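Only one structure is covered here, and it is reproduced in the block below.
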Amino acid sequence: MSEPIVPTITNVAVWLTLLVLTGVTAGVAFIDLGPFNTVVALVIATVKALLVVLIFMHVKYTSEKLVKVVVISAIFFLALLLGLSLADYTTRLLM
Amino acid sequence: MATAAITAERENYLNQEYGIKSWLLTVDHKRIALLYLLSITFFFFIGGFFALLIRLELLTPAGDLVQGDTYNKLFTMHGQVMVFFFLIPSIPAVLGNFLVPLMIGAKDLAFPRINLLSWYLYIIAGILMLHCMLTGGVDTGWTFYTPFSTAFSNTKVIEAGLAIFISGFSSILTGLNFVVTIHRMRAPGMTWNRLPLFIWAHYATSIIQLLGTPVIAVTLVLVVLERALHLGIFDPTRGGDPLLFQHLFWFYSHPAVYIMILPAMGVVTEIVPCFSRKRIFGYKFVALSSISIAVFGFLVWAHHMFVAGISLYSALIFSALSYLVAVPSAIKVFNWTATMYKGSITFSTPMLYAFGFIGLFTMGGLTGLFLAALGIDVHVTDTYFVIAHFHYIMVGGAVMGYLGGMHFWWPKISGRMYPESLGRLAALIVFLGFNLTFFPQFILGYLGMPRRYWQYPPEFQVLNVLSTAGSTILAVGYLLPMVYFLWSMRYGKVAPDNPWGASGLEWMTSSPPPTFNFDRPPVVDWEAYDYENIPAPQEARSGG
Amino acid sequence: MADRPIAVEQHNPALKHHFVDMEQQREASSLGMWLFLATEIMFFGGMFCAYLIYRYWYFPDFAAASSSLDITLGTANTAVLICSSLTVVMAVRAAQLGKRQQQVVYLALTLVLGLAFLGIKGIEWTSKFKEHHIPGPTFNFEASLPGHPDQPVDQHHAQLFFSLYFAMTGMHALHMIIGVAIFTYLLYRAWKGAYTPEYHTPLENSGLYWHFVDIVWIYLFPLLYLIDRKK
C-alpha cells in the first residue's frame with residue numbers, strides 16, 4: 001500500500017473552493033441573518049476543514065481506517081468538553 | 001541454584017554496555033523504564049515526606065507543629081508530587097515501558113528516542129518542581145482553584161504550573177508511543193484478542209493521556225497568563241468565571257484518576273490468573289471494560305463541582321453518569337473473583353498485593369458511589385470522607401497494584417528473585433498500615449472533619465492519632481521492599497526465565513532479557529492465559 | 001503482516017532497526033503524527049471552550065470588540081494560509097513523483113507564505129497595541145454596543161475578548177513559527193535530495209501538521225473576526 005498521488009487538478013480545485021468559501025464567509029458576515037450568521041459561518045468553516053482533512057491530508061484516499069477513527073475520536077471528545085460544559089452554563093439561570 | 005557463582009553471564013540489557021552515558025543516552029525501553037523507576041521512587045519519598053509532616057501535625061487538634069500557611073503548602077505539594085510525579089507515571093512509565101514491547105513481541109517501542117525525551121521532560125519538570133518547593137512552595141491545593149491561585153496566593157504558582165505543564169508532555173508522549181506500538185508492532189499472530197489484558201489496560205490509559213492531558217496543559221497556560229497579566233479569565237471581579245477553571249481542570253483531572261488506576265488493574269489481571277493457575281474469566285469483558293472506563297471517565301468530571309455552583313440540571317446529569325462509570329470497574333472485580341473461583345491459589349507476594357487491591361479498590365470505588373449521590377455529597381464533600389475515598393483507590397488500589405507488579409516482574413527486570421517471606425511480610429504490613437491510616441478517615445469525614453484544615457475540634461483527636469499511627473506502619477511497609485529489592489540485585493537467587501510459570505511472551509525470553517528482547521522474533525499461535533497448557537513452576541517457592 | 005516482499009526495503013538506509021520494514025515504519029510515523037494532532041485538537045479545544053462560554057455570556061461586548069479587528073487583514077491571512085496548504089500538498093506530490101527541484105520550489109513558497117502570515121499578524125497586533133487593545137494596565141476599549149449608541153461596552157468584558165483573542169491567535173502563531181522552523185529544515189533536506197518516492201515520510205507528516213494549523217485558523221477567523229459585522 002503506497003500513498004496515493006492526488007492529481008494536481010484536484011488539489012487546485014480544492015484550493016479555489018477554499019478561497020471562494022473564505023470570500024463567502026467574509027461577505028455573508030455583513031448580511032443580517034440574525035442568529036444564523038453564526039451557524040452559516042461555522043458550517044462554511046466546517047466544509048473548509050473537511051476539504052483540507054479529506055483531500056489535502058489524504059484522509060479520503062488512505063486505506064488506514066485507524067486515521068479516520070483517530071480524527072473522529074478527537075472531535076468527539078472535544079464535543080464532549082464543549083457540550084457538557086455548556087450544559088452547565090446554559091442551564092444555570094433555569095434554577 | 002547458585003547465586004553469583006555463574007561462569008559466564010549471558011548478555012542482557014543490563015550488562016550489554018556500562019557507563020553513565022550508556023544509561024543517559026539509551027533508547028532501550030527497558031533501560032528507560034529503570035531510569036523512570038529511580039526517578040519516581042525519589043518523588044515518592046518526597047511526597048511521602050510531606051504526608052508524614054501532615055500526619056504529625058494532625059496528631060493534635062491545635063496547630064502546633066507548623067503554621068497554617070505552611071500546612072497549606074504541605075498538602076498542596078503532597079498532592080502535586082504524588083499525583084503528577086509519582087502516580088501518573090508510575091506503572092506506565094516503569095512497568096509499561098519495560099513490558100509493552102516484550103508482551104507484544106516487539107524489539108522496542110515505536111519511537112525509542114521520543115521515549116527518552118519523555119523521561120527528560122519528566123526530569124526537567126521534576127527539577128522545576130523541586131526548585132519551586134525549595135524556594136517557597138505552593139499553597140493553592142493540588143487543584144489550583146481560581147481566583148486564589150491566579151490573584152491572591154503569593155506563592156510560586158507559575159513555577160509549579162509550568163512544572164506540571166512540562167510533566168504533562170512527558171505523559172502525552174508516553175501515551176502516544178504506546179498507542180502506536182500496540183497498533184503497529186505486534187508480532188505475527190498476536191491479534192487483539194490474544195493480547196495480555198495488561199496491554200489493553202495500557203492502551204486505554206494511553207487514550208486518556210492523549211486526549212485529556214492537553215486540556216490541563218492549556219488550562220495551566222491560561223492560569224499562568226492570568227496570574228502574570230491579570231486578564232480576568234477566571235476572575236469574577238473582571239467578568240470571569242472561577243467555575244470555568246474548574247470545568248477545564250477537572251475535564252483532565254478526573255480522567256487522570258483513571259490513568260492512575262487502569263494500569264494497576266492491568267497488573268492485577270496478569271497476577272490473578274497466574275496464581276490461580278486458571279485463564280482469566282471473561283477476557284473480552286475485561287478488555288472492553290478498560291476501554292469503557294477510558295471513555296466514560298471523560299463524562300463525569302463535574303461531580304467534583306456539585307457544590308461549587310454548577311446548575312442543578314447539569315449536576316443531575318453528571319451524577320447519573322458517575323454511577324455509570326462504576327459499572328465497568330465492577331465488571332473487572334467480578335471477573336477477577338470468578339477467575340479465582342475453583343482455581344489453585346498460591347499466596348505469593350504478588351497475589352497478596354492483588355488480593356489487597358481487589359478488597360481496597362472495591363471499598364474505595366463503592367464510597368465513590370456515595371459521593372456521586374448529590375444529597376450525600378453535600379454532606380461529605382470537602383471532608384475527610386473524600387480523602388479516604390481517593391486514598392483507598394490511589395494507595396489501596398494503584399500503589400498496591402504497582403508494588404504487586406514490581407514483585408511479579410522483578411525477576412524479569414533484574415534477573416534476581418526477591419526474598420519471598422520478606423515480600424509477604426511487607427505486603428501484610430502495607431495492608432495493615434494502610435487500613436489503620438485511612439479507615440478512620442472515613443469516619444472522621446462523615447462526622448464532619450473538613451479536609452485541608454490544620455486544626456480540628458478535640459473530639460476528632462483519637463481517630464487522627466490512629467490514622468497517624470497507621471501511616472508510620474505504612475511507611476515501614478514501603479521501605480522494606482526498597483531495601484530487599486536492592487539487596488536482591490547482589491544476593492538474590494538468580495531467576496529462571498519463568499519463575500512463576502506465567503503466560504505471556506515476556507516470560508519466554510531470558511531474565512533479564514537481551515537488549516533486543518528476543519533471540520528470534522516470536523510468532524504467536526496460542527491464546528492468552530493459556531494456563532491449562534502451562535505447567536506450574538517446578539521449584540517450590542520457598543522463603544528466601 | 002506475514003507475507004510481503006521485504007528484501008529490498010530492509011536495506012533502505014532510512015529503516016530504523018526496531019521496525020520490520022519501511023511499510024511498518026511509515027505506518028507507525030503516520031499514526032504517531034495523527035495522534036499528536038489529536039492532542040493538539042484538545043489543546044486548542046480548551047481555549048475554544050473558554051471563548052464559547054464568554055461569547056455566550058457577553059455577546060454584545062464581544063461583537064463590538066470583534067468589529068474592531070481588521071477584517072481585510074484577517075481575510076487576507078486566511079487566504080495566505082490556504083495558499084500555503086496548496087503549496088505543501090504540491091511539495092509532497094513532487095516528492096512522490098521524485099521531482100527534487102519542484103519540491104524545493106514548493107517548500108520555499110510555503111515558507112514565504114508562512115512568513116507572510118506572521119508578518120500580517122504582526123501588523124495586526126501592532127495596531128492593536130497602538131489602540132490600547134492589549135489586555136493589561138494600558139487596556140482601554142472605547143466603543144458602544146452594536147445598535148445601542150448610548151450604551152458603552154463593558155471594559156472588563158471587552159478585555160476578556162481581547163485576552164482570548166491574543167491567547168488563541170498567539171498560540172496559533174507559536175505553532176506557525178514552529179511550522180516555519182520545521183519547513184526550513186525540510187527545505188534544506190529536500191534540496192539535499194533526501195526525499196524520494198520511496199521515503200518522504202518527514203515531508204508527509206510535517207505537511208499534516210501544517211494543514212492542521214491551517215484548520216485551526218479556518219475556525220479562528222470566523223469566530224474571532226466575524227461575530228457581528230452587520231452594523
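The values are calculated or read from the model by the stated rules, or taken from the named source; none is laboratory data. The shown structure was predicted, so the numbers you read here are calculated from the model rather than taken from an experiment. Cβ placement follows ideal geometry from the backbone for every residue including glycine, while neighbour counts extend to all protein chains displayed.
Can we say B:Leu463 is at pLDDT 95 or above and surrounded by fewer than 22 Cβ atoms within 10 Å (Cβ to Cβ)?
Considered against the rule, which asks whether it is at pLDDT 95 or above and surrounded by fewer than 22 Cβ atoms within 10 Å (Cβ to Cβ), B:Leu463 comes out as yes.
Considering only the stretch A:21-37, I want to know if a residue exists there that is more than 7 Å from chain C (Cβ to nearest Cβ) and closer than 28 Å to C:Leu31 by Cα.
No, every residue in the stretch A:21-37 fails to be more than 7 Å from chain C (Cβ to nearest Cβ) and closer than 28 Å to C:Leu31 by Cα.
Kindly indicate whether B:Ile166 is assigned to a helix (DSSP H, G or I), within 19 Å of B:Gly79 (Cα to Cα) and either more than 10 Å from chain C (Cβ to nearest Cβ) or touching a strand residue (DSSP E or B) at 6+ places or on another chain (Cβ under 8 Å) (or both).
Yes: the conditions hold for B:Ile166.
Report, by residue number, each residue of the stretch B:263-311 that is within 14 Å of another protein chain (Cβ to nearest Cβ) and under 21 Å from B:Thr191 (Cβ atoms).
B:Ile291, B:Ala294 - these are the residues of the stretch B:263-311 that are within 14 Å of another protein chain (Cβ to nearest Cβ) and under 21 Å from B:Thr191 (Cβ atoms).
Being touching a residue at least 12 places away in the same chain (Cβ under 8 Å), under 18 Å from C:Ile218 (Cα atoms) and either in contact with a His (Cβ under 6 Å, 6 or more places away or on another chain) or surrounded by fewer than 16 Cβ atoms within 10 Å (Cβ to Cβ) (or both) is true for just one of A:Val24, A:Val40. Which residue is that?
Going through A:Val24, A:Val40 in turn, the sole match is A:Val24.
Is it the case, given these coordinates, that C:Ala194 is free of Cβ contacts under 8 Å to residues at least 24 places away in the same chain, of a type in the set (Gly, Ala, Ser) and either outside any helix (DSSP H, G or I) or surrounded by fewer than 22 Cβ atoms within 10 Å (Cβ to Cβ) (or both)?
Criteria met by C:Ala194.
How many of the residues making up the stretch B:490-504 are crowded, with 21+ Cβ neighbours inside 10 Å and touching a Gly at 6+ places or on another chain (Cβ under 8 Å)?
Count: 2.
Please find, among A:Val20, A:Val39, A:Val69, the residue that is assigned to a helix (DSSP H, G or I) and closer than 30 Å to B:Thr181 by Cα.
A:Val69
Taking the criterion of being modelled with pLDDT under 95 and in a helix (DSSP H, G or I), would at least one residue in the stretch A:44-51 satisfy it?
no
Look at A:Leu66 and say whether it is facing another protein chain (nearest Cβ under 7 Å), in contact with a Phe, Trp or Tyr (Cβ under 6 Å, 6 or more places away or on another chain) and of a type outside the set (S, T, N, Q).
When the stated conditions are applied, A:Leu66 does not pass them.
Within the bounds of the stretch B:1-23, is there any residue that is hydroxyl-bearing (Ser, Thr, Tyr) and modelled with pLDDT of 95 or more?
No, there is no match, as no residue in the stretch B:1-23 is hydroxyl-bearing (Ser, Thr, Tyr) and modelled with pLDDT of 95 or more.
Before we move on, is B:Thr155 of a type in the set (Ser, Thr, Tyr) and out of contact with any Phe, Trp or Tyr (no Cβ under 9 Å at 6 or more places or on another chain)?
yes
Restricting to the stretch B:502-521, name every residue that is more than 26 Å from the chain's Cα centre (by Cα) and more than 14 Å from chain C (Cβ to nearest Cβ).
B:Met508, B:Thr509, B:Ser510, B:Asp519
Filtering the stretch B:220-239 down to residues that are at the interface with chain C (Cβ under 7 Å from one of its Cβ atoms) and in contact with a His (Cβ under 9 Å, 6 or more places away or on another chain), which residue is surrounded by the most Cβ atoms within 10 Å (Cβ to Cβ)?
B:Gly232
Just the residues that are surrounded by 18 or more Cβ atoms within 10 Å (Cβ to Cβ), over 24 Å from the mean Cα position of the chain (by Cα) and part of a helix (DSSP H, G or I), please, taken from the stretch B:287-316.
B:Ser314, B:Ala315
Every residue in the stretch B:274-286 that is farther than 13 Å from B:Lys332 by Cβ and in a helix (DSSP H, G or I), please.
B:Cys274, B:Phe275, B:Ser276
So that you can scan it fast, the table gives a plain yes or no per residue for (1) touching a Ser or Thr at 6+ places or on another chain (Cβ under 7 Å); (2) buried (at least 24 other Cβ atoms within 10 Å of the Cβ); (3) in a helix (DSSP H, G or I); (4) not acidic (Asp, Glu):
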site: B:Phe50; (1), (2), (3), (4): no, no, yes, yes
site: B:Val81; (1), (2), (3), (4): no, yes, yes, yes
site: B:Arg113; (1), (2), (3), (4): no, no, yes, yes
site: B:Leu128; (1), (2), (3), (4): no, no, yes, yes
site: B:Gly137; (1), (2), (3), (4): yes, no, no, yes
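So A:Leu51 ticks every box in (1) more than 8 Å from chain C (Cβ to nearest Cβ); (2) touching a Gly at 6+ places or on another chain (Cβ under 9 Å); (3) crowded, with 20+ Cβ neighbours inside 10 Å but one. Which box is left unticked?
It fails just one condition, (2).
Identify the residue in the stretch C:209-224 that is within 8 Å of chain A (Cβ to nearest Cβ) and more than 15 Å from A:Leu50 (Cα to Cα) and, among all such residues, is surrounded by the fewest Cβ atoms within 10 Å (Cβ to Cβ).
That would be C:Leu223.
Please work out which one of (1) of a type outside the set (A, V, I, L, M, F, W, C); (2) buried (at least 24 other Cβ atoms within 10 Å of the Cβ); (3) under 18 Å from B:Leu99 (Cα atoms); (4) more than 12 Å from chain C (Cβ to nearest Cβ) is the condition B:Arg194 fails and give its number.
(2)
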